[in-house]
Amino acid sequence: MSVTAASGFVASGVHCGLRKTRPDLAIVRSLEPATGAGMFTVNRVQAAPVVVSRRNLELAEPQAVVANSANANAATGERGELDARATAAEAARLLDLDAEEILLLSTGVIGVPLPLGNVLSGVRGAAAALAPDGGLDAAQAILTTDTTTKEAVAHGAGFVVGGMAKGSGMIHPQMATMLAVVTTDYPLDPGEAASFLRPAVDASFNSISVDGECSTNDSVLLLANGAAGIERTPATDAEFVLALRNVCADLARQIVADGEGATLTAEIAVAGAPSDGEARAIAERIATSPLVKTALFGHDANWGRIAMAAGSARFNGGFARLDPARLSIAVDGVGVLDRGRPTGVEPTLQNGHVAIALDLGLGDASSRYLTSDLSYEYVRINADYRS
């Protein structure tokens, strides 16, 4: 269950002083020549590690990732980018790579300069500690307000996909305040990793929300080194697609379940929509509605708020199509609205997961979205974040 589950990968996590005691800097490296790709935040305020990693991916194939917690290195101006480049250069020197082969991840407080001396010291310590069983240490080093590590693995016929992620708050596409590194020993050709990563991310990390906030540092990275040594066929490609999507989906579910202050998760399933885009817009609108999320925290199956959110979903400059007379809603399998008519049944929300299903009765398109409730604890965590 780690980012080193696939053959030919090593990792480490160390403490370099960004945090008081917890590990705060990680390295993941492929020991075999790798190819890779990344997907990043669409926030216009992009952190220095995002800027540098984007540029490096244009220049070289990624061979290693350096990640730190406790400092986002975002909104730090020219100094932030210089610090990110210096971090990549030191890692490259120690790992006998080119600086452009290093990708960077940072998470933490925005607007505070990176303590470069601590980070470079951490890079040296992490490079010396790289090991095949270092995945858990790496997963621990990237956490912020997370309460637990997030790791996932999927096995194919002769290959493995593994990954780690962090994320708890500021979670919303595109992608969420989350970092993820996915590794595989499946053989990919240079330049094609993005075509596999993008649909996996769209169906997972881009379909979750904790608080509707899109961060400055969102990054999902994929490294593939072919160390499994298997012969590639259309059948193995299909198996790899499934394994990659399963790992991304597993990590995304863990992020929502560990959402800041979350007491339950909810899956929003929209069916019968006239188009995929409108189905997604409605699912996302429900998943991000503060009124829906606070009702979930109160274990109140307030389907009126669900209908309200669905009817106000924006799409292509207007509103997603919805006919109230055709709308049906079920909560945990119990119908509460049947083609526009209340059933009078009130489900009781008793466990840590809620299934909310809508049928628009307008077509065949569908979408799913994963979210969490909104609690008092979420407010406390974020009120105290910098104190």
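The values are calculated or read from the model by the stated rules, or taken from the named source; none is laboratory data. Because the structure is predicted, anything quoted here is derived from the model rather than measured. Note: ideal-geometry Cβ built from the backbone for every residue, glycine included; neighbour counts use all protein chains shown. Surface areas here come from the heavy atoms of the whole protein model, side chains and all, with no ligands, DNA or RNA. Shrake-Rupley method; radii C 1.70, N 1.55, O 1.52, S 1.80 Å.
Of all residues in the stretch 242-263, which are part of a helix (DSSP H, G or I), of a type in the set (Val, Ile, Thr) and either within 10 Å of Val161 (Cα to Cα) or open to solvent by 50 Å² or more (accessible area, probe 1.4 Å) (or both)? If the condition is that a residue be part of a helix (DSSP H, G or I), of a type in the set (Val, Ile, Thr) and either within 10 Å of Val161 (Cα to Cα) or open to solvent by 50 Å² or more (accessible area, probe 1.4 Å) (or both), then Val247 is the only one that fits. Mind listing just one residue for me: the one in the stretch 337-360 that is open to solvent by less than 40 Å² (accessible area, probe 1.4 Å) and under 18 Å from Arg285 (Cβ atoms) and, of those, modelled with the lowest pLDDT? Once the filter is applied, the top-ranked residue is Val354.
Yes/no per residue for (1) part of a helix (DSSP H, G or I); (2) touching a Gly at 6+ places or on another chain (Cβ under 9 Å); (3) open to solvent by 10 Å² or more (accessible area, probe 1.4 Å); (4) more than 27 Å from Arg198 (Cα to Cα):
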position: Ile27; (1), (2), (3), (4): no, yes, no, no
position: Glu32; (1), (2), (3), (4): no, yes, yes, no
position: Asn43; (1), (2), (3), (4): no, no, yes, no
position: Gly80; (1), (2), (3), (4): yes, no, no, yes
position: Arg85; (1), (2), (3), (4): yes, no, yes, no
position: Pro113; (1), (2), (3), (4): no, yes, yes, yes
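Scanning the stretch 361-387 for residues that are surrounded by 17 or more Cβ atoms within 10 Å (Cβ to Cβ), under 16 Å from Gly259 (Cβ atoms) and of a type in the set (A, V, I, L, M, F, W, C) yields Leu370, Leu374. Counting only strands (runs of 3 or more DSSP E) that sit completely within the stretch 317-387, those holding 3 or more residues that are under 26 Å from the mean Cα position of the chain (by Cα) and closer than 24 Å to His299 by Cα correspond to 353-359, 365-372.
Each residue in the stretch 62-75 was checked for being among the polar types (S, T, N, Q) and surrounded by fewer than 21 Cβ atoms within 10 Å (Cβ to Cβ), and 0 of them qualify.
Restricting attention to the stretch 50-61 and to residues that are open to solvent by less than 10 Å² (accessible area, probe 1.4 Å) and in contact with a Ser or Thr (Cβ under 8 Å, 6 or more places away or on another chain), the residue that is farthest from Arg124 (Cα to Cα) turns out to be Val50. Can you tell me which residue in the stretch 87-111 is farthest from Val181 (Cα to Cα), limited to those that are open to solvent by 40 Å² or more (accessible area, probe 1.4 Å) and without any contact (Cβ under 8 Å) to a residue 40 or more places away in the chain? Selected residue: Gly111.
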